[in-house]
1. Of the numbered conditions (1) under 13 Å from Lys65 (Cβ atoms); (2) of a type outside the set (Lys, Arg); (3) surrounded by fewer than 18 Cβ atoms within 10 Å (Cβ to Cβ); (4) touching a Lys or Arg at 6+ places or on another chain (Cβ under 8 Å), Gly8 satisfies every one except a single condition; which is it?
2. Of everything in region 25-51, what is touching a residue at least 40 places away in the same chain (Cβ under 8 Å) and open to solvent by less than 20 Å² (accessible area, probe 1.4 Å)? Give them in sequence order.
3. Of all residues in region 16-48, count the ones that are within 30 Å of Met1 (Cβ to Cβ), more than 9 Å from the chain's Cα centre (by Cα), of a type outside the set (Ser, Thr, Tyr) and not in a strand (DSSP E or B).
4. Which pairs turn up if I take residues in region 59-80 that are touching a residue at least 40 places away in the same chain (Cβ under 8 Å) and part of a strand (DSSP E or B) and look for partners that are surrounded by 14 or more Cβ atoms within 10 Å (Cβ to Cβ) and of a type outside the set (Val, Ile, Thr) with beta carbon separation below 7 Å, at least 6 apart in sequence or on another chain?
Amino acid sequence: MIYISHRGNTRGKDKNKENSTDYINEAIDKGFDVEIDVWFKDNSFYLGHDFPEYKIDTSFLINDKFWCHAKNLEALEEMK
C-alpha cells in the first residue's frame, strides 16, 4: 500500500510548511510518497499551492516518491 502525503502534511495541515522542500523531505523520510504543487514561471520551477512560492532546481523533481500536480500549463509542458 502507498501512503501519499498532501504537500508534505502527515498529521494535518500546516500551511506555513506545505510544499517546502524540508517539509516534503521529512514526509519522505517517514515513508510517505508526496503530492506536490508545481509551477513553472520565468524559466524556473517552483512549489506552492496558490502561487509559485519556493524556487527549486529541476533535479529536485526527479523522485519516484513525488506525485506532481501541475498548477499551470507551463509546468505541465515542462514536466513532460
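1. Exception for Gly8: condition (3).
2. Answer for region 25-51, where residues must be touching a residue at least 40 places away in the same chain (Cβ under 8 Å) and open to solvent by less than 20 Å² (accessible area, probe 1.4 Å): just Val38.
3. Matching residues across region 16-48 total 11.
4. Here the result reads Trp67/Asp33; Trp67/Glu35, each pair linking region 59-80 to a residue that is surrounded by 14 or more Cβ atoms within 10 Å (Cβ to Cβ) and of a type outside the set (Val, Ile, Thr).
The values are calculated or read from the model by the stated rules, or taken from the named source; none is laboratory data. Bear in mind the structure is a predicted one, so any value in this text is a computation, not a measurement. Note: ideal-geometry Cβ built from the backbone for every residue, glycine included; neighbour counts use all protein chains shown. Surface areas here come from the heavy atoms of the whole protein model, side chains and all, with no ligands, DNA or RNA. Shrake-Rupley method; radii C 1.70, N 1.55, O 1.52, S 1.80 Å.
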